[in-house]
Every structure is written in C-alpha cells, then in structure tokens.
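Trainee: Take a look at the following structure, please.
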Amino acid sequence: MRQVKVAIAGFGGVGRAVASLLLTRRERYRAVYNTDVRLVAVCGSRAGTADPSGLEQTDLSQFTDGHSGSAFILSAKPDVLIEAGPSNFRTGAPGLDYIGAALDAGVHAVVISKGALVFDGNRLRERARKSGAILKVSGATAAALPTIDLFDYNLKGCRFLHVEGILNATTNYLLTAMMEGGLRFFEALRRAQEEGIAETDPRNDVEGWDTACKLLILANFGLGADLTMDDLSVEGIQNVSDAQIRQWREAGVIPKLVGEITLSAGSIGAAVRVKTFAPSEVFAQVRGKDKAIRVATDSMGDIVAIGCASEPKATASAALKDFEHILSIASGN
Ligand SMILES: NC(=O)c1ccc[n+]([C@@H]2O[C@H](COP(=O)([O-])OP(=O)(O)OC[C@H]3O[C@@H](n4cnc5c(N)ncnc54)[C@H](OP(=O)(O)O)[C@@H]3O)[C@@H](O)[C@H]2O)c1
C-alpha cells in the first residue's frame, strides 16, 4: 500500500479541524485510494510537533517550542502540505513562505488562507509547475461552496461569459438582518459578533476585502487572469445607511454584496459592489449566512450553487476534498 505523508501549517480552529477529519478518514483513504495517510507534522506560530511514523489525535496537544516554520515542516518530509495559517493579502505572510518552500520541494500544497494566493498567486503556480507539485485552493475560494471546482471540473471546456458571487457570509448576514430584521448596521454587526459570525475586527469582511480576495483568486486560478488587488474596484457595506435600506425596501429590491468577474474581448475585470435584485431573482433568495455563485457559460448555460456551511469543520472538509483530488490524481483512481 502506498504511503502519503501530510503536514499542517497553522493550527487554529481550521487546522485542528483538518487534523481531526484527516485522522478519522484514514480508513476511507485506505479503501478508496489504497493509500496509508499519515499526519507527520503540525505547527502554529511558535510551536509544533512531528513524528515520521504518524501522529495521533492524542499527540496534538503536546507541542515543542521552536518547532515551527517551513524548515521544520519540510524536515518531516511530507508529500502534501495543508496550509491553514492567518491571511494577509498585503504581504502574503506567513503562508507564502510555507507554500513556496513546499512547492519548490515538489510537495503538493492545499491552501486555505487567501493572503499568499492574492499577493503572489501566479508566481506560486509557476513554482508548482516547475517542480511538478499540485496546488489546490478550494479552502481559499469560499471553501464549502463549490467555486473553483466549477471551473476546473464541472464546467471544464466551456467558455465563461460572466461570474458573480455572494462570497462572504458575514456581509450577507448583515444585509439580511438590516432588510428583514429592521436592524441598523451597528446593531446587526453586534448581533453577528455575539453569534460568532462576524470577527471582533470586522473590517476585512464589511469593507469588501474578503470578497475581493476570493474573487481575485477565482479570476487568476480559475480563469487564467493576471489581476492584482489594484485592478479591482472594491466597495463594502460599512456605509449602508438607514435611508438607503428604506429606499431599497420601498423599491421592492434586495441588496447583496456581490463580487463580479466580467469577461469581454479577451480581457477580464473584477469588482466588488452592492447590487440589488428583484425578489424573483435567485440571488435575492440567498439569505443569512448562505453564499452563492452564478457562472454563465457559452455551452452549459447558467449554473448556480447556493448554500454551504462556513464553520471550521466545513472549511476543513473543503480542503480535504482538494486532498482527495490529489490522492486520486496520484493513484490514478
Ligand atoms: N474559520 C473559518 O471557518 C475559515 C473559513 C475559510 C477560510 N478560513 C481561513 O483559514 C485560515 C485559518 O483560520 P482559523 O479560523 O483557523 O484561524 P485561527 O484560529 O486564528 O488560527 C490561525 C493559526 O495560524 C497559526 N499561525 C500564525 N502565524 C503562523 C506562522 N508563522 N506559522 C505557523 N502557524 C502560524 C496560529 O498559531 P498560534 O496559535 O501559535 O498563534 C494559529 O494556530 C485563515 O487564513 C482564514 O482566513 C477560515
């Protein structure tokens, strides 16, 4: 039986969920891919643990200080890196170092954080091509909502005409609470924070940056664009006023924060903005924490996917879907 060694960099809510799901799915990997999957290293920002014969769940609370960084991870000789660290699209750190080092060494990478992919994604793809490593990014492109896989698998061969998505759960929850629950922006935000939906510092979500990051990765990785954040116009929902909400209600339309990719005459553009929809339109029915994507194609018509969970287990599961695609490519299954 073939052996595949996995390392995880970034061991917060998502990294822990990845480890736990990976360990519980080992029997499945044996049965479906004839592969003995071993978790050989995990680390957070300052500490980690490694065992070339394979870590068990009970080992994951005993970290050694200083066992962190790309050299530590690569010293465990993984075949696959799952990267689940924090995301900073202005510097790419800390993911860029882990992902770049792994790809250069021919280690496949399943990336969950968006920062490095936004900051230097196309060069990372080039580094993967050079070494023959596979780079997968479902976790960074709305995770449980199928997005990049629509381009890579389901709609392969089509010409893409237009893409739009409600890609951020927090802003969709806030707009729904303001339109349907009559809450003001800061009341809706406080409720979202109390329910663990919005982060303590919500600017990345409410100012549209999270949507912009996902959109940029989708355009570059899914559609072959070469966009940087400077190419995107980005609007958030932080300035939506009570008067604006009243106007939308009176007009009978429903606002959504939408990321949009337009493809025309060989050029690709992307923007994040608040768009309104008639109640009969499918995006109007995407409420609360749900997300959605609509892809218009030349030959398979319009495809819409809606729904998805947003918590760490769902994100981890999306990353492990990527991992299974790698197993299946490597095993020819
Ligand atoms: N939460 C979700 O459901 C969700 C959904 C989609 C995408 N994501 C993305 O997934 C990633 C992880 O999210 P999370 O909720 O798990 O975040 P988190 O709980 O804040 O965990 C982040 C982890 O990264 C570690 N880290 C920080 N700097 C590091 C470094 N230099 N080297 C190695 N590890 C480092 C932290 O280590 P310490 O513990 O030592 O500080 C921590 O373990 C983020 O990029 C997020 O945007 C999350």
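The values are calculated or read from the model by the stated rules, or taken from the named source; none is laboratory data. These numbers were taken from a predicted model, which means no experiment stands behind them. Neighbour counts are summed over all protein chains in view; Cβ atoms, including those assigned to glycine, are modelled from backbone coordinates with ideal geometry. Protein only, heavy atoms only, side chains kept; ligands, DNA and RNA dropped before computing areas. Shrake-Rupley method; radii C 1.70, N 1.55, O 1.52, S 1.80 Å.
Trainee: Quick check: is even one residue across the stretch 167-176 open to solvent by less than 20 Å² (accessible area, probe 1.4 Å), within 16 Å of the ligand (Cβ to nearest atom), out of contact with any Leu (no Cβ under 8 Å at 6 or more places or on another chain) and within 23 Å of G139 (Cβ to Cβ)?
Mentor: Yes, there is a match, as at least one residue in the stretch 167-176 is open to solvent by less than 20 Å² (accessible area, probe 1.4 Å), within 16 Å of the ligand (Cβ to nearest atom), out of contact with any Leu (no Cβ under 8 Å at 6 or more places or on another chain) and within 23 Å of G139 (Cβ to Cβ).
Trainee: Any idea which of (1) more than 30 Å from D230 (Cα to Cα); (2) over 18 Å from the mean Cα position of the chain (by Cα); (3) in contact (Cβ under 8 Å) with a residue 40 or more places away in the chain is the one F323 doesn't satisfy?
Mentor: (2)
Trainee: Oh, and also: Please determine, by comparing only the residues of the stretch 91-106 that are under 18 Å from V6 (Cα atoms) and open to solvent by less than 10 Å² (accessible area, probe 1.4 Å), which one is nearest to the ligand (Cβ to nearest atom).
Mentor: G95
Trainee: Between a residue in the stretch 126-138 that is under 10 Å from V107 (Cβ atoms) and any residue that is assigned to a helix (DSSP H, G or I) and of a type in the set (D, E), which pairs come within a Cβ distance under 8 Å, given they are 6 or more apart or on different chains?
Mentor: Note: pairs meeting the criteria are S131/D104.
Trainee: For residues that are part of a loop (DSSP other than H, G, I, E, B) and open to solvent by less than 30 Å² (accessible area, probe 1.4 Å), scanning just the stretch 69-88, find the one that is nearest to L320 (Cα to Cα).
Mentor: Keep residues of the stretch 69-88 that are part of a loop (DSSP other than H, G, I, E, B), which gives 69, 76-79, 84-88.
Going one step further and asking which of them are open to solvent by less than 30 Å² (accessible area, probe 1.4 Å), we end up with 69, 76, 78, 84-85.
Working: G69: 22, A76: 20, P78: 16, A84: 12, G85: 16 Å.
By that ranking, first place goes to A84.
Trainee: Output the number of residues of the stretch 3-39 satisfying the condition of being surrounded by 14 or more Cβ atoms within 10 Å (Cβ to Cβ), assigned to a strand (DSSP E or B) and away from the ligand (no atom under 16 Å from the Cβ).
Mentor: Number of matching residues: 6.
Trainee: Every residue in the stretch 107-123 that is under 18 Å from F323 (Cα atoms) and either open to solvent by less than 30 Å² (accessible area, probe 1.4 Å) or in a helix (DSSP H, G or I) (or both), please. Write out each step before concluding.
Mentor: Going through the stretch 107-123, the residues under 18 Å from F323 (Cα atoms) turn out to be 107-114, 117.
Within the stretch 107-123, V107, A109, V110, V111, I112, S113, L117 meet the criteria.
Trainee: So, one more: Only one of these is of a type in the set (S, T, Y) and within 16 Å of the ligand (Cβ to nearest atom): S328, S267, S299, S310. Name it.
Mentor: Values: S328 fails: within 16 Å of the ligand (Cβ to nearest atom); S267 fails: within 16 Å of the ligand (Cβ to nearest atom); S299 fails: within 16 Å of the ligand (Cβ to nearest atom).
From the options S328, S267, S299, S310, the qualifying one is S310.
Trainee: Pairs only if they're at least six apart or on different chains, beta carbon under 6 angstrom, first in the stretch 67-87 and touching a residue at least 24 places away in the same chain (Cβ under 8 Å) and farther than 18 Å from S53 by Cα, second more than 8 Å from the ligand (Cβ to nearest atom) and assigned to a loop (DSSP other than H, G, I, E, B); list them, first residue then second.
Mentor: Within 6 Å, no pair qualifies.
Trainee: From (1) open to solvent by 50 Å² or more (accessible area, probe 1.4 Å); (2) within 15 Å of the ligand (Cβ to nearest atom); (3) assigned by TED's automatic domain parsing to the domain that holds Q285, pick out the condition that doesn't hold for G157.
Mentor: For G157, the exception is condition (2).
Trainee: State yes or no: is D230 surrounded by fewer than 22 Cβ atoms within 10 Å (Cβ to Cβ) and either in the same structural domain as N88 (by TED's automatic domain parsing) or assigned to a loop (DSSP other than H, G, I, E, B) (or both)?
Mentor: Numbers: surrounded by fewer than 22 Cβ atoms within 10 Å (Cβ to Cβ): yes; either in the same structural domain as N88 (by TED's automatic domain parsing) or assigned to a loop (DSSP other than H, G, I, E, B) (or both): no.
Spelling it out, it is not the case that D230 is surrounded by fewer than 22 Cβ atoms within 10 Å (Cβ to Cβ) and either in the same structural domain as N88 (by TED's automatic domain parsing) or assigned to a loop (DSSP other than H, G, I, E, B) (or both).
Trainee: Within 11 Å of the ligand (Cβ to nearest atom) and among the charged types (D, E, K, R): does that describe E126?
Mentor: Numbers: within 11 Å of the ligand (Cβ to nearest atom): no; among the charged types (D, E, K, R): yes.
Answer is no for this residue.
Trainee: Could you grab me the full set of residues in the stretch 124-135 that are among the small types (G, A, S) and open to solvent by 20 Å² or more (accessible area, probe 1.4 Å)?
Mentor: Step one: list which residues in the stretch 124-135 are among the small types (G, A, S), which gives 128, 131-133.
Scanning the stretch 124-135 gives S131, G132.
Trainee: Tell me which residues, restricted to the stretch 21-33, are closer than 17 Å to G48 by Cβ and either without any contact (Cβ under 8 Å) to a residue 40 or more places away in the chain or within 16 Å of the chain's Cα centre (by Cα) (or both). Please lay out each step first, then the result.
Mentor: As a first pass, look at the stretch 21-33 and keep what is closer than 17 Å to G48 by Cβ: 22-23.
Answer for the stretch 21-33, where residues must be closer than 17 Å to G48 by Cβ and either without any contact (Cβ under 8 Å) to a residue 40 or more places away in the chain or within 16 Å of the chain's Cα centre (by Cα) (or both): just L23.
Trainee: May I pose another question? If you go through the stretch 274-296, how many residues are touching a Pro at 6+ places or on another chain (Cβ under 9 Å) and either more than 16 Å from the ligand (Cβ to nearest atom) or among the charged types (D, E, K, R) (or both)?
Mentor: First, pick out the residues of the stretch 274-296 that are touching a Pro at 6+ places or on another chain (Cβ under 9 Å): 274-277, 285, 293.
The next check asks that each one be either more than 16 Å from the ligand (Cβ to nearest atom) or among the charged types (D, E, K, R) (or both); those that pass are 274-277, 285.
Qualifying residue count, the stretch 274-296: 5.
Trainee: Take the conditions in contact (Cβ under 8 Å) with a residue 12 or more places away in the chain and within 13 Å of the ligand (Cβ to nearest atom) and apply them to S45. Does it pass?
Mentor: Numbers: in contact (Cβ under 8 Å) with a residue 12 or more places away in the chain: yes; within 13 Å of the ligand (Cβ to nearest atom): yes.
Judged against the criteria, S45 is a match.
Trainee: Do you know which residues across the stretch 184-198 are among the charged types (D, E, K, R) and either free of Cβ contacts under 8 Å to residues at least 24 places away in the same chain or open to solvent by less than 20 Å² (accessible area, probe 1.4 Å) (or both)?
Mentor: Initial filter on the stretch 184-198 (among the charged types (D, E, K, R)): 184, 187, 190-191, 194-195.
Across the stretch 184-198, the qualifying residues are E187, R190, R191, E194, E195.
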